[in-house]
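Everything on this sheet refers to the single structure shown next.
The values are calculated or read from the model by the stated rules, or taken from the named source; none is laboratory data. As the structure is a prediction and not an experimental result, all values here were calculated from the model. Because the Cβ atoms are built from the backbone with ideal geometry, glycine has one as well, and the counts that use them run over all protein chains shown. For accessibility, only protein heavy atoms count, side chains too; no ligands or nucleic acids. Shrake-Rupley method; radii C 1.70, N 1.55, O 1.52, S 1.80 Å.
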Amino acid sequence: MLTGPKAGDNAQVLRAAAATGLEAVVRNVVILPGQLAAKPGIGPSLEHLDRVASDPLEGPWPEVVLAIGRQLSCVALWIKQQSGGKTRIALLNAPKGLWNDFDLVVLPPYYRNRGRPNVLPIAMPLIGLDPAHLAAARQHFGPEFSDLQRPLNVLLVGGDMGQRRLEPGFVRHVLDEMTRGYAADGMIYAATSRRTPAGVAAALKAGLRPQDRLYTWGAAGVENPYPGLLALGDSFTVTADSLSMLIEVARLGKPLTIAEPPPPGGIGGLVQRTSDLLRPRDLGAAIALLCRGGHAVPLGKAPHAPATPLPDDAAVVGQRLRQLAGVKS
């Protein structure tokens, strides 16, 4: 298993490997600082890695290497090259090129090219919640959260969404919708992320009521309450830029509202635009799937708990990985 700097991606890789029931070895790679935001061409390469800080990449080579994302897929292709083509590659999400060089591509529905012979379509990404981690968070944060007003309405704020900018005015609109509607009672606990613009955090601080609470990402001496909010929150509002947060919350089976910033010069909504057709991944389609399945509602509609759990294809993926590794049963 190849892991890297993105916790959400790593969680999917680990979950897929665990579903196989097979022995798996983690090789964590460290991306060079100047390459973290880069989009290298797809091919066998380690040029973007800090080889000293990364785990060693050396033989004997595995039957299968499991990876996710552009940068880790380059590492997987390099391993396959070193093995003389014997190592097979399983990739979560769509590759950015060289489709035929990947032996298995596990593809959620908002990616295109689902009809290829090496593609395993799945209903939703393998983002999941470890029940043991949730239980530990509930125990750890329970005493701190015990005095908070109920219902505990959680607002999780990310950052920009492509050309859609997360602006202070939009966040003020989100707070207004919440306080006039489903969060009129109880409190709002807002939490920002690493990508949240400073102006948005300031707008949150100014717009929250006296009974509400704000966690600003990276605040010195303050523990990130995100695990506790997942475990103990009653309802959730999540900005549309982070699919990882959306899926994690949707798997809780609690009311979820999606706050989608409007496109530049237009009005927002779950409508596929012409520019979306040029992208290999349609995040708007993922949001629409959550809403059509009853797992979420767009901002402005009354949230409700879903009637059915979010689809989970981890077992299916695990079985295909076993087959790829040459396990017959």
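Quick check: anything in the stretch 153-166 acidic (Asp, Glu), without any contact (Cβ under 8 Å) to a residue 24 or more places away in the chain and over 16 Å from Gly207 (Cβ atoms)? Explain how you work it out, then say what you get.
Step one: of the stretch 153-166, the residues acidic (Asp, Glu) are 160.
After this cut, where a residue has to be without any contact (Cβ under 8 Å) to a residue 24 or more places away in the chain as well, the list is none.
For the stretch 153-166, residues acidic (Asp, Glu), without any contact (Cβ under 8 Å) to a residue 24 or more places away in the chain and over 16 Å from Gly207 (Cβ atoms): absent.
Would you check which residues across the stretch 1-18 are part of a loop (DSSP other than H, G, I, E, B) and surrounded by 21 or more Cβ atoms within 10 Å (Cβ to Cβ) and list them?
So the first thing to find is which residues in the stretch 1-18 are part of a loop (DSSP other than H, G, I, E, B), and the list is 1, 4-6.
Met1, Gly4, listed by residue number.
Give Ala201, Ala190, Ala184, Ala219 a once-over and let me know the one that is open to solvent by less than 70 Å² (accessible area, probe 1.4 Å) and more than 25 Å from the chain's Cα centre (by Cα).
Step by step, each of Ala201, Ala190, Ala184, Ala219 is checked, and only Ala184 is open to solvent by less than 70 Å² (accessible area, probe 1.4 Å) and more than 25 Å from the chain's Cα centre (by Cα).
Show the residue pairs meeting these rules: Cβ distance below 7 Å; 6+ apart or different chains; first residue within the stretch 284-309 and in contact (Cβ under 8 Å) with a residue 12 or more places away in the chain; second residue among the small types (Gly, Ala, Ser) and buried (at least 17 other Cβ atoms within 10 Å of the Cβ).
Pairs that qualify, where the first residue is in contact (Cβ under 8 Å) with a residue 12 or more places away in the chain and the partner is among the small types (Gly, Ala, Ser) and buried (at least 17 other Cβ atoms within 10 Å of the Cβ), are Ile287/Ala240; Leu290/Ala250; Leu290/Ala296; His295/Ala250; Ala296/Ala250; Leu299/Ala259; Pro303/Ser235.
Could you list, in sequence order, all residues of the stretch 232-248 that are within 21 Å of Pro125 (Cβ to Cβ) and of a type outside the set (Asp, Glu)?
Let us first name the residues in the stretch 232-248 that are within 21 Å of Pro125 (Cβ to Cβ), namely 236-248.
Those that are within 21 Å of Pro125 (Cβ to Cβ) and of a type outside the set (Asp, Glu): Phe236, Thr237, Val238, Thr239, Ala240, Ser242, Leu243, Ser244, Met245, Leu246, Ile247.
Considering only the stretch 169-181, state which residues are surrounded by 17 or more Cβ atoms within 10 Å (Cβ to Cβ), in contact with a helix residue (DSSP H, G or I) (Cβ under 6 Å, 6 or more places away or on another chain) and farther than 21 Å from Leu148 by Cβ.
Result: Val171, single match.
Residue check: is Ala231 modelled with pLDDT of 90 or more and either among the hydroxyl-bearing types (Ser, Thr, Tyr) or in a loop (DSSP other than H, G, I, E, B) (or both)?
Working: modelled with pLDDT of 90 or more: yes; either among the hydroxyl-bearing types (Ser, Thr, Tyr) or in a loop (DSSP other than H, G, I, E, B) (or both): no.
No: the conditions fail for Ala231.
Looking at the structure I just gave you, is Gln139 in contact (Cβ under 8 Å) with a residue 60 or more places away in the chain and exposed (fewer than 15 other Cβ atoms within 10 Å of the Cβ)?
For Gln139, the condition - in contact (Cβ under 8 Å) with a residue 60 or more places away in the chain and exposed (fewer than 15 other Cβ atoms within 10 Å of the Cβ) - is not met.
Is one or more of the residues making up the stretch 83-90 farther than 22 Å from Leu246 by Cα and in a helix (DSSP H, G or I)?
In the first step, residues of the stretch 83-90 are kept if they are farther than 22 Å from Leu246 by Cα; the result is 83-90.
From the residues that got through so far, the ones that are in a helix (DSSP H, G or I) too are none.
Taking every residue of the stretch 83-90 in turn, none turns out to be farther than 22 Å from Leu246 by Cα and in a helix (DSSP H, G or I).
Just checking, does the stretch 56-70 include any residue being more than 19 Å from the chain's Cα centre (by Cα), loosely packed, with under 14 Cβ neighbours inside 10 Å and closer than 24 Å to Leu243 by Cβ?
No, the stretch 56-70 contains no residue that is more than 19 Å from the chain's Cα centre (by Cα), loosely packed, with under 14 Cβ neighbours inside 10 Å and closer than 24 Å to Leu243 by Cβ.
Considering only residues that are in contact with a Pro (Cβ under 9 Å, 6 or more places away or on another chain) and open to solvent by less than 20 Å² (accessible area, probe 1.4 Å), look in the stretch 295-329 and name the one that is farthest from Val119 (Cα to Cα).
Val297
Which one of the conditions (1) aliphatic (A, V, I, L, M); (2) more than 20 Å from Ala7 (Cβ to Cβ); (3) at pLDDT 95 or above; (4) within 16 Å of the chain's Cα centre (by Cα) does Ala94 fail to meet, given that it meets all the rest?
(3)
Identify, from the list Ser275, Ser244, the residue that is in contact with a helix residue (DSSP H, G or I) (Cβ under 6 Å, 6 or more places away or on another chain), open to solvent by 20 Å² or more (accessible area, probe 1.4 Å) and modelled with pLDDT under 95.
Just a single option satisfies the conditions, and that option is Ser244.
Being of a type in the set (Ser, Thr, Tyr) and buried (at least 21 other Cβ atoms within 10 Å of the Cβ) is the filter here, so list the residues in the stretch 222-241 that pass it.
Kept after step one, since they are of a type in the set (Ser, Thr, Tyr), are these residues of the stretch 222-241: 226, 235, 237, 239.
Of everything in the stretch 222-241, those that are of a type in the set (Ser, Thr, Tyr) and buried (at least 21 other Cβ atoms within 10 Å of the Cβ) turn out to be Ser235, Thr237, Thr239.
Hey, could you check the stretch 210-223 for residues that are in contact with a strand residue (DSSP E or B) (Cβ under 7 Å, 6 or more places away or on another chain) and either in a helix (DSSP H, G or I) or not hydroxyl-bearing (Ser, Thr, Tyr) (or both) and say which is modelled with the lowest pLDDT? Quick ask: steps written out before the conclusion?
Filtering the stretch 210-223 down to residues in contact with a strand residue (DSSP E or B) (Cβ under 7 Å, 6 or more places away or on another chain) leaves 211-215, 222.
Next, only the ones that are either in a helix (DSSP H, G or I) or not hydroxyl-bearing (Ser, Thr, Tyr) (or both) stay: 211-214, 222.
Numbers: Gln211: 95, Asp212: 97, Arg213: 97, Leu214: 97, Val222: 90.
Among those residues, the one meeting the criterion is Val222.
For the stretch 71-86, give me the residue count where each residue is out of contact with any Pro (no Cβ under 6 Å at 6 or more places or on another chain), farther than 16 Å from Lys96 by Cβ and surrounded by 14 or more Cβ atoms within 10 Å (Cβ to Cβ).
Of the residues in that region, 4 qualify.
Take the residues in the stretch 20-53 that are surrounded by 17 or more Cβ atoms within 10 Å (Cβ to Cβ) and either in contact (Cβ under 8 Å) with a residue 60 or more places away in the chain or more than 21 Å from the chain's Cα centre (by Cα) (or both), then tell me which one is nearest to Leu2 (Cα to Cα).
Ranking the candidates gives Ala24 first.
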